[in-house]
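Colleague: Provided herewith is a single structure, encoded as structure tokens, for subsequent inquiry.
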Amino acid sequence: MSSSESGYQKTISWLFQQFPSYQNIGVKAYKPDLGNIRELIDYLKIDISAIQFIHVAGTNGKGTCTNYLASVLMESGYKTGVFTSPHIVDFRERIIINGKQIDEKSVIDFCQKIRDLSFAPSFFEISFAMALNYFAQEKCEFAVIETGLGGRLDATNIISPVLSIITNIGLDHVQLLGNTLPEIAFEKAGIIKENTPVIIGEYEVTTFPVFEKITKEKNAPLYLISSQPLRESRFKVENYKQKNEKIILEAILLLQQKGVKITEAGIENGFKNIYKNTSYRGRFQIISEKPLEIIDVAHNEDGIRDLMMAVKQFNYKRLHIIYGTSSDKNYEDLIKLFPLDAEIYFAEFSNARSLKMEAASERLRTDGRRISFYPSVVEAYESLKAIRNEEDLTLITGSFFLISDYFQHFF
């Protein structure tokens, strides 16, 4: 560690090196047990009883729902914390109150308190405990919490929410959550609590019975989002976020029925000021309009399918796709979801979990797709820029780590 590193940078390095992090090592970091997080909360005497929690799980869309709901609550006058993962550039993106990231000193001070524990919590458990401690310390009225992985045994599942949300169920993280949709639904349904309303964002014939059974057992009111499209959307460009918008609006309605004062102005400003109020980035985010350039963190089958549907609405001459993935994904199948006539630029990213271009070049030349390979998103982007014109569409998608590298270099 260089002597020029700040105290904050040293703390973050310690966080990533001292404890297993899914962000860095993937499946091996997963700890399916709530014992450590409970012990950590007890050890630090964190009192979260005054906070009203909203808990959000799901395969796709949970980050969108978490951040937009938090933004609406902020704009409605409530002191609101939001906890999300992973971060894109800075760890502090994970923990925000009313548009401000947790300060560096609070991160350092919290980590200092837990350096000599007799047990070893994971990176994610520490991160979540830090968030709860900060939200309680700053007297948040609400906190909107995104699960890390699954739900039932996720560290976030120690909270008692006023509302639970399960956006959808897809085949992702099957090594940990199960090989079938009902198995994964069971894990996500673990966030359903006794007598607490739950929103199910999408009907699927094999998973809905799982939710019905558990909500009946727990006397939890179940609200299923209609498949009918919205008559009018706040998202100007048609994309998968409109499905999430229906979930967000249903959550707002249920909160209003509970006496939470959310006005139409609060909703409008919450949507409008999403980037100011939260760390929300990389979800169908239009970076440039001419040439059109879109960034999206679609990294599983359902996410990429939705993304490809969304880009069909645009008129463009050629489609350029910069794509990078973790080595543990089913990348051979995922690449086939891109159009045959797209120019694909496979790029490694700096995180150790990246699929390397040597392995990718051996496996991904399928179905006549034009794929070129690059050691970084920067080199892929520079190559693309040299040949695209203003009528082309550029899509930068795949792993959060790829998007992180892009933001760190170009923003």
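The numbers here are math on the coordinates, done by the rules we state, and not lab data. Just so we're clear, the structure is a prediction, and the values are computed from it rather than from any experiment. When we count neighbours, we look across all protein chains shown, and the Cβ atoms used for this are built from the backbone with ideal geometry, even at glycine.
Colleague: Could you give the length gained on full extension between Val89 and Val237, defined as 0.36 nm per residue of separation minus the Cα-Cα distance, in nm?
Modeller: Numbers: separation 148, 0.36 × 148 = 53.28 nm, distance 2.61 nm.
Value of the extension gain: 50.7 nm.
Colleague: In the Gaussian network model of the chain, springs joining C-alpha atoms below 10 Å, which of Ala50, Ala129, Ala155 carries the largest mean-square fluctuation?
Modeller: Maximum fluctuation in the GNM of the chain, among the listed residues, is at Ala50.
Colleague: Work out which GluC sites (Glu not before Pro) in the chain are exposed loop sites (DSSP not H, G, I, E or B, at most 12 other Cβ within 10 Å) and give the longest gap free of them.
Modeller: Looking at the chain, 6-193 is the longest stretch - no exposed GluC sites (Glu not before Pro) with at most 12 other Cβ atoms within 10 Å.
Colleague: May I pose another question? For the chain, what does -39500 (n - 2.57) per DSSP helix run (n ≥ 4), summed and divided by total residues, give at 222 nm, in deg cm²/dmol to the nearest 500?
Modeller: Theoretical 222 nm ellipticity from helices: -11000 deg cm²/dmol.
Colleague: With θ taken as phi - 60° and the coefficients 6.51, -1.76 and 1.60, list the Karplus ³J(HN,Hα) couplings across the range 281-290 in order, rounded to whole Hz; mark glycine and proline as x.
Modeller: With the stated coefficients, the range 281-290 comes to 8, x, 10, 6, 8, 7, 8, 8, 9, 8 Hz.
Colleague: What residues have an amide H closer than 5 Å to that of Leu224, excluding those fewer than 5 places away on the same chain, when H is modeled at 1.01 Å from N in the peptide plane?
Modeller: Placed amide hydrogens put Ile200 under 5 Å from Leu224.
Colleague: Once Rh for the range 7-277 is found with the Kirkwood sum over Cα pairs, what is the Stokes-Einstein diffusion coefficient at 4 °C and 1.567 mPa s, in µm²/s?
Modeller: Estimated via Stokes-Einstein, D reaches 68 µm²/s.
Colleague: Could you give the size of the charge dipole of the range 251-295 about its Cα centre, using +1 on the Cβ of each K and R and -1 on the Cβ of each D and E, expressed in debye and rounded to the nearest 20?
Modeller: The calculated dipole for the range 251-295 is roughly 180 debye.
Colleague: Additional query: Could you go through the range 60-76 in sequence order and give the Karplus-derived ³J(HN,Hα) for each residue, using 6.51 cos²θ - 1.76 cosθ + 1.60 with θ = phi - 60°, rounded to whole Hz, and x for Gly and Pro?
Modeller: Running phi through 6.51 cos²θ - 1.76 cosθ + 1.60 with θ = phi - 60° gives 10, x, 5, x, 4, 5, 4, 6, 5, 4, 4, 5, 5, 5, 4, 6, 8 Hz.
Colleague: So how far, in whole Å, is the C-alpha centre of the range 167-227 from the one of the range 79-147?
Modeller: 27 Å
Colleague: DSSP beta bridges in the chain, what fraction antiparallel, as a percent rounded to 5? Numbers along the way, then the final one.
Modeller: Values: 10 of 49 bridges.
That works out to approximately 20 percent antiparallel.
Colleague: With every atom except the alpha carbons ignored, what do you get for Rg and Dmax of the range 285-410, in angstroms?
Modeller: Expressed in Å, the Cα Rg and Dmax of the range 285-410 come to 13.2, 37.
Colleague: If a paramagnetic tag sat 7 Å from the Cα of Lys276 along the Cα-Cβ line, which residues of the range 65-108 would have the backbone N under 19 Å from that point?
Modeller: Within reach of a label on Lys276, which here means backbone N under 19 Å from a point 7 Å along Cα→Cβ, the range 65-108 contributes 67-82, 96-102.
Colleague: Enumerate the amide H contacts of Ile287 below 5 Å, restricted to partners 5 or more residues apart or on another chain; note that Pro and chain-start residues carry no placed amide H.
Modeller: Glu293, Ile294, Ile295
Colleague: Hey, if you put +1 on the Cβ of every Lys and Arg and -1 on every Asp and Glu Cβ in the range 239-361, which of Phe284, Ala298, Tyr331 ends up farthest toward the positive end of that dipole?
Modeller: Phe284
Colleague: HN-Hα J couplings of the range 120-129 from phi, Karplus 6.51/-1.76/1.60, θ = phi - 60°, integer Hz, Gly and Pro as x?
Modeller: Karplus-based 3J(HN,Hα) across the range 120-129 equals 10, x, 7, 3, 5, 4, 5, 4, 5, 4 Hz.
Colleague: Report the one residue of Ala120, Ser399, Ser164 whose Cα lies farthest in the direction of the positive end of the charge dipole of the chain (charges on C-beta: Lys and Arg +1, Asp and Glu -1; origin at the Cα centre).
Modeller: Ser164
Colleague: Then there is this: So who's got an amide H within less than 5 Å of the one on Ile322, skipping anything under 5 residues away but keeping other chains? H placed 1.01 Å off N, in plane.
Modeller: Under 5 Å from the amide H of Ile322 lie the amide H atoms of Tyr345, Leu395, Ile396, Thr397, each far enough along the sequence or on another chain.
Colleague: Looking at this model, which pairs from Lys105/Lys290; Lys193/Lys261; Lys79/Lys246; Lys62/Lys272; Lys276/Lys356; Lys79/Lys241 are more than 30 angstrom apart at the alpha-carbon?
Modeller: Exceeds cut-off: Lys105/Lys290; Lys276/Lys356.
Colleague: Cross-link partners among aspartates and glutamates for Lys139, C-alpha distance below 15 Å, same-chain residues fewer than 8 apart left out?
Modeller: Candidates past the 8-residue exclusion: Asp47.
Colleague: Now for a different question. Once you charge only the Cβ atoms, +1 for Lys and Arg and -1 for Asp and Glu, what is the size of the charge dipole of the chain about its Cα centre, to the nearest 20 debye?
Modeller: 480 debye
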